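Structure record follows, encoded as structure tokens.
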Amino acid sequence: MAPQLVPGPLKRALDLLEADPARGWTVDEIASACGVGCRTLQRHFRRFIGRMPMEFLRDLRLGRARQELLRASGRASVTDIAARSGFNHAGRFATQYRARYGESPSATLSRNQRIAVGRPQRLTALAAVERPAVAVLPFDLIGRDACRAAGITGEIASALMRVRWIAVVVPARARYHLQGSVRDGGAGRLRVMISLLDAATGRYLWADRWDGGCSDLFEFEERVAERIAAAIQQPMREAEIDRAWRQDPAQLNAWELTMRALPRVLSVEAAAEEMALELLERAMEAAPSDALPMALAAWCHGLRGCHNFCQRPDQEKAAARELAGRAAQLGSGDPLAETMLSAGYCLAHDLATAAIHADRALVLDGSSAWAWGRSGWIKAYAGEAAEGIERFQIARALAPSDPLNFLCSVGIGAGHFWAARYDESARWFERALAENPAAVWINHTLTPAYALGGYKEQARQSLTELTRAFPDLTIAQVRSGLPYRSDFLDRVADGLESVGMRPC
């Protein structure tokens, strides 16, 4: 029989702290109430929660305090809220709060009170920013070797915590449950089966399995945890997007507004980008201290400017730079926000700053396909073709069905264009169009790839598709759009001019 993975004393401790976080708990009191020694309790917290008991309690109190600050009435004070949340030292509370949320508690309170003035009461909840929460349930351990892998849930929880846009919580507070089993596979191997469920409906959202040798058990657990953390991000994003679309539009919080906007931004299509910005502006108003909608709006403005989706592309690029700068100051430490920041700076033609944020995203979450893709674009724009192609291939391998894979295909095509492999370049641009037929703008590089490869008829057909969607587009506008090096753009211009596109 498989042993119980999460010890009963730890469950009792979590329940006690959740029920009364403001109480002046000590480790001795918690351990005594749960019937274990202090060292045993600390070992359980370190192994299964990834934090010591008092660290967990501090974070729990900070979360409760923030929720109160975000919902507080006009007469509320920071000192009273801190005391109700279990903080007896106002200065220490302010320091810990700023370190966690990037702003002072008084700033949160005053902003919430400003938002509340003159606005219908039903909208004040928009000030709160909610992230999806997942609980890693105890795994079934089947077999003698499998029982040695009791630490796998702790490894998975730790890997998910590094993702940052996903919260890891106890099951009662989780929107999603991650459950699984480890069983002996024979010959010193283990098989891990895992699935992601919607906790409210019980609907399965994703499932997978892995096999591996268990001679180095810690390495096996770490490898599986990293793969799971990478694999569940796309199904969780899709579930959050679906959930946001089923909510009342008038009651959406900043996260839900951002999730509604996300697929429109990812489409890289003119009308969709405009609608996405409307949603993101509401999200930024609702949660002005959240870097994610601001960074996503920066990318959206950059896309509009660089792909000539609007009449004033230079203004859009300037807006991208301004929003990216504001989002960067918030310092969220969220790899998703860092990736969007990199995209915003990239399309504002600031590749050096874009590279800093792409590197940060990869440090925070090395399994992020989007971060690898963004790093690939920086290389592609800078003319480092081989390095760019390698990063795009990594991104595609990490998330084979990701909606942004068409951009990786465009990037690989650009890499081959740099190397004058025009036939291969055209094949990748064609693939990108097949993956996202609405992205007609891809023709502004597909056309010259055909032309320079000697396929004039295909080049003319490609140009016809491009000018049908962008009738006023000129070579000068294409040149001033994306931040490629001038020698790349010279060849693009030559190819477009050879089949009759207007210079200016």
So which residues in region 429-449 are over 14 Å from Val478 (Cα atoms) and open to solvent by 30 Å² or more (accessible area, probe 1.4 Å), if there are any at all?
Glu430, Arg431, Leu433, Ala434, Glu435, Pro437, Ala438
I need every pair where a residue in region 322-337 that is within 22 Å of Arg98 (Cβ to Cβ) has its Cβ under 7 Å from the Cβ of a residue that is open to solvent by 20 Å² or more (accessible area, probe 1.4 Å) and charged (D, E, K, R), sequence separation at least 6 or different chains.
Gly333/Arg164; Asp334/Arg164; Pro335/Arg164
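Rundown of residues vs (1) more than 29 Å from Arg264 (Cα to Cα); (2) in contact (Cβ under 8 Å) with a residue 24 or more places away in the chain, yes/no style:
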| position | (1), (2) |
| --- | --- |
| Ala426 | no, yes |
| Glu430 | no, no |
| Asn436 | no, yes |
| Ala439 | no, yes |
| Ile442 | no, yes |
| Ala476 | no, yes |
| Arg491 | yes, yes |
| Glu497 | yes, no |
| Met501 | yes, yes |
Among the residues of region 462-473, is there at least one that is closer than 23 Å to Leu351 by Cα and either buried (at least 24 other Cβ atoms within 10 Å of the Cβ) or touching a Leu at 6+ places or on another chain (Cβ under 6 Å) (or both)?
no
Name the single residue that is nearest to the chain's Cα centre (by Cα) among those in region 192-204 being surrounded by fewer than 18 Cβ atoms within 10 Å (Cβ to Cβ) and within 19 Å of Ala159 (Cβ to Cβ).
Ser195
Looking only at residues in region 384-423 that are open to solvent by less than 20 Å² (accessible area, probe 1.4 Å) and aromatic (Phe, Trp, Tyr), which one is nearest to Pro263 (Cα to Cα)?
Phe406
Run Gly331 past the list (1) open to solvent by 40 Å² or more (accessible area, probe 1.4 Å); (2) out of contact with any helix residue (DSSP H, G or I) (no Cβ under 7 Å at 6 or more places or on another chain); (3) on the phi < 0 side of the Ramachandran plot and report the number of the one that doesn't hold.
(3)
Here the residues within region 279-313 that are under 30 Å from Ile475 (Cα atoms), in a helix (DSSP H, G or I) and either at pLDDT 90 or above or among the basic types (Lys, Arg) (or both) are Ala295, Leu296, Ala297, Ala298, Trp299, Cys300, His301, Gly302, Leu303, Arg304, Gly305, Cys306
Do we have Leu70 as outside any loop (DSSP other than H, G, I, E, B), modelled with pLDDT of 85 or more and open to solvent by less than 70 Å² (accessible area, probe 1.4 Å) here?
no
Verdict on Ala150 being of a type in the set (Gly, Ala, Ser) and part of a loop (DSSP other than H, G, I, E, B)
yes
What are the residue pairs meeting all of these: first residue in region 270-283, first residue open to solvent by 50 Å² or more (accessible area, probe 1.4 Å), second residue among the basic types (Lys, Arg), Cβ atoms under 7 Å, and 6 or more apart or on different chains?
Met275/Arg264
Restricting attention to region 239-250, and to residues there that are out of contact with any Leu (no Cβ under 8 Å at 6 or more places or on another chain) and either polar (S, T, N, Q) or within 26 Å of Ser367 (Cβ to Cβ) (or both), which single residue is surrounded by the most Cβ atoms within 10 Å (Cβ to Cβ)?
Glu240
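The values are calculated or read from the model by the stated rules, or taken from the named source; none is laboratory data. The model shown is predicted, which means the values in this text are computed figures rather than measured ones. Ideal geometry is used to build each Cβ from the backbone, glycine not excepted, and the neighbour counts take in all protein chains shown. The area values use the complete protein model at the heavy-atom level, side chains included, leaving out ligands, DNA and RNA. Shrake-Rupley method; radii C 1.70, N 1.55, O 1.52, S 1.80 Å.
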